[in-house]
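The values are calculated or read from the model by the stated rules, or taken from the named source; none is laboratory data. Small disclaimer: the values here were computed from a predicted structure and weren't measured. FYI the Cβ positions are ideal-geometry reconstructions off the backbone, even for glycines, and counts take in every protein chain you see. Just so you know, the surface numbers come from the protein's heavy atoms only, side chains and all, with ligands and any DNA or RNA stripped out. Shrake-Rupley method; radii C 1.70, N 1.55, O 1.52, S 1.80 Å.
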Amino acid sequence: MDNIGVWMTCPMSKYLQDEIAKRFMLYKSWEIPSKPEFFKQHSNSIKAVVGNGSYGADSTLIEALPCLEIISSHSSGLDQIDLVKCKEKGIKVASTPDALTDEVADLAILLILATLRKICASHQFVRTGLWKQRDFELTTKVSGKLVGIIGLGRIGSAIAKRLEAFGCPISYYSRSKKLDICYKYYSNVIELASDCDILVVACSLTKETRHIINREVINALGPNGFLINIGRGGHVDEPELVSALVEGRLGGAGLDVFEHEPEVPEQLFHHDDVVLSPHVGSCTVETRKAIADLVVANLVAHFSNEPLLTPVEL
Ligand code: NAP
């Protein structure tokens, strides 16, 4: 398979690069100064793209690679891949869904606890010596809080399971009611937001879910409500979120993802009610290795004429 070209869209782990380079001809997009020139010479040998949740395969890249057969994504989110174009051209797509579910759900719990208990502010409080002058402020209890989850898929369900251990009643919003689930279903996000204390975004980013967290939803969640986003930055109307936090219309927010990563609105930096992480839902050594192995296994399966391990239905 070493004459098959694989285009990697951005720097990923050395382990993944090495595993691909052992089997295929790896082309690192970030090391190629003039892509149009490069594609003129090599596009016919590139049969696979490896992208991630930030740098996927848009229609321009797909059109530039006439021999493209498969996109093996290092991500479970598919919003950075032009799936319509893939279907049109018969290009297969594989993602890495289950490998990262636990890690992202763990991070959601971490953000809930850290945000409501203001753990970052209390850490600073100790480190800067303020504890010697006064006690830290009272914070908000997590156990027993009403939690609303937008998108009860793999990650949303794993978050719900963890929150059951905290005695939190769960409700959820998705396109349809799940028949085998006993959590309360809402067909309207605003109603879900007004009936919960903590609203967690865990759905896919699509045309329908872009800015699903808008002014109305934020106001429905209210000054005692908390927003947790481990989905995608595009789910939230960020300027609306910032003004709600600045104006005290929302209790707080725990955010792993942002609309224009790595740019983050600076107004969020000085808010004790906000906890920020740099899109690290799946960033543990164990999970990143499992994801990398799955990306490679999907490529190998495809070029061995075997079924993909984790295909995306187009
Ligand atoms: P999944 O199993 O496919 O679940 C996606 C959920 O989104 C489904 O429950 C689906 O519910 C819901 N959904 C889709 N369209 C919707 C709509 N229009 N309105 C309401 N709900 C809708 O995916 P997953 O593995 O749980 O991952 C979920 C998302 O997490 C990914 O798409 C990705 O963006 C994000 N993610 C983030 C990180 C991170 O590092 N922070 C890491 C991995 C993934 P219905 O089909 O019932 O409507």
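Reported count of residues in segment 261-278, each being more than 15 Å from Pro239 (Cα to Cα) and assigned to a helix (DSSP H, G or I), is 1.
Checked against the criterion of being within 14 Å of the chain's Cα centre (by Cα), free of Cβ contacts under 8 Å to residues at least 24 places away in the same chain, more than 13 Å from the ligand (Cβ to nearest atom) and surrounded by fewer than 16 Cβ atoms within 10 Å (Cβ to Cβ), segment 274-289 contains not a single residue that satisfies it. Restricting Leu268, Leu227, Leu255, Leu245 to those that are more than 10 Å from the ligand (Cβ to nearest atom) and touching a Leu at 6+ places or on another chain (Cβ under 6 Å) reduces the list to Leu227. Condition test on Phe166, is it assigned by TED's automatic domain parsing to the domain that holds Leu205, under 24 Å from Val189 (Cα atoms), among the aromatic types (Phe, Trp, Tyr) and more than 16 Å from the ligand (Cβ to nearest atom)? Yes; evaluated as a whole, the condition is true for this residue. The residue pairs whose first member lies in segment 75-99 and is under 29 Å from Ala158 (Cβ atoms), whose second member is within 8 Å of the ligand (Cβ to nearest atom) and basic (Lys, Arg), and whose beta carbons are closer than 8 Å, counting only pairs six or more residues apart or on different chains, are Ser76/Arg154; Gly77/Arg232; Asp79/Arg232; Pro97/Arg154; Asp98/Arg154.
The set of residues from segment 30-54 being in contact with a strand residue (DSSP E or B) (Cβ under 9 Å, 6 or more places away or on another chain) and touching a residue at least 24 places away in the same chain (Cβ under 8 Å) comprises Phe39, His42, Ser43, Ser45, Ile46, Lys47, Ala48, Val49, Val50, Gly51, Asn52, Gly53.
Just to be sure, is Pro265 touching a Phe, Trp or Tyr at 6+ places or on another chain (Cβ under 9 Å) and either farther than 21 Å from Glu103 by Cα or open to solvent by less than 40 Å² (accessible area, probe 1.4 Å) (or both)? Yes: the conditions hold for Pro265.
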